[in-house]
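Read through the structure below, which is laid out as structure tokens, and then see the notes.
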Amino acid sequence: MRKHKKEHHDEHIDETWLIPYADLLTLLLALFIILFASSKVDKNKYIQVMQGLNSAFNGGVSVFEESDTISLDDVSANEIIKLRESEQDQTLKDLINKEMQDMEAIKKKLDVFITENGLTLQLQTNVTNDMLKITIQDYALFDSGTAVVKSEAQKLAAVISEMLSMYPDYKVEVAGHTDNIPINTNEFQSNWDLSSRRSINFMKYLLQSNSINHARFRTIGYGEYQPISTNDTIEGQARNRRVEVNIIRNTIDANSSVP
């Protein structure tokens with residue numbers, strides 16, 4: 001009799017493992033459903049969904065309960081992208097406007113100095129899409145065929161230098177230009193050499209102010225290869241012999257109509 005009861009007890013299978021197994025299958029099913037549903041949202045939405053699942057697995061809010069984590073009322077991916085692009089566009093516009101105001105301020109101060117000192121024939125200023133260009137005729141800075149900066153031109157360099165120190169965020173290019181008349185002396189074998197030396201020598205006077213960061217500056221000699229006038233006349237040749245101090249903008253407005 002006892003043997004019969006023991007055999008009956010052995011035939012009874014422990015099925016308590018089915019409960020956690022069923023829970024696991026349910027959670028796995030929920031995972032795949034939510035992964036499928038979130039396959040068309042952006043990365044941030046996916047992260048939010050994963051956080052919701054992690055909360056559910058760790059005894060937090062169920063993934064089937066309404067929560068802010070995976071709410072269907074969340075802003076769509078396209079709206080988020082448009083919002084960020086709008087913010088970036090506004091930031092760029094603000095920077096462009098600030099730079100244009102800086103360029104105009106420097107130009108205005110230089111124009112006052114040019115007028116007060118009777119230098120209208122020797123210096124011109126012009127704001128373009130990407131820079132403020134200060135054009136100085138060569139005879140205002142150098143004697144013919146030399147690269148030694150005249151003493152009276154050093155005052156001009158000091159004025160420009162003072163203005164540049166007030167706007168430390170911009171790079172400055174000092175460019176030398178010549179006409180197409182060949183030069184071949186003991187000091188300068190070509191117009192390349194003359195234009196390069198002139199740009200370097202004038203830059204040295206611009207850098208005499210201790211408040212200027214030298215890393216902002218660069219020089220270049222273009223020789224005769226970027227004329228702004230014809231070389232067929234004496235007047236045109238005189239215009240082509242020049243030094244340009246270019247204050248470079250950091251941003252460029254592609255829609256600007258400034259010449």
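Just so it is clear, none of the values below were taken in a lab; they were calculated from the coordinates. Being a predicted model, the structure only gives us computed values, none of them experimental. Here the Cβ positions follow ideal geometry from the backbone for every residue, glycine too, while neighbour counts run over all protein chains shown.
Counting Lys and Arg as +1 and Asp and Glu as -1 over every other residue whose Cβ lies under 11 Å from the Cβ of residue 248, the net charge comes to +1.
Amide H to amide H, with H built 1.01 Å from N, residue 221 comes under 5 Å of 176, counting only residues 5 or more places away or on other chains. Across the stretch 113-130, coupling constants 3J(HN,Hα) worked out from phi with the 6.51/-1.76/1.60 Karplus curve, θ = phi - 60°, read 4, 4, 5, 5, 9, x, 10, 5, 7, 9, 10, 9, 10, 8, 8, 10, 4, 10 Hz, and Gly and Pro carry x. If both residues of a DSSP beta bridge must be in the stretch 144-247, then about 55% of such bridges are antiparallel. A simple spin-label model places the labels of residue 185 and residue 27 8.8 nm from each other, with each point 7 Å out along Cα-to-Cβ. The order of 32, 113, going from fewest to most other C-beta atoms within 10 Å of their C-beta, is 32, 113.
With K and R counted +1 and D and E -1, the other residues having a Cβ less than 14 Å from that of residue 227 yield a net charge of -3.
When peptides 153-164, 217-228 are sorted by average Cβ neighbour count within 10 Å, with the highest value leading, the order is 153-164, 217-228.
Sites listed here are chymotrypsin sites (Phe, Trp or Tyr not before Pro) in the stretch 122-186 whose DSSP assignment is loop and whose Cβ has at most 10 other Cβ atoms within 10 Å, and the list is empty. Remark: the stretch 169-180, residue by residue, has Karplus-estimated 3J(HN,Hα) of 8, 10, 7, 10, 10, 9, 10, x, 9, 10, 7, 9 Hz, where x stands for each Gly or Pro and the curve is 6.51 cos²θ - 1.76 cosθ + 1.60 at θ = phi - 60°.
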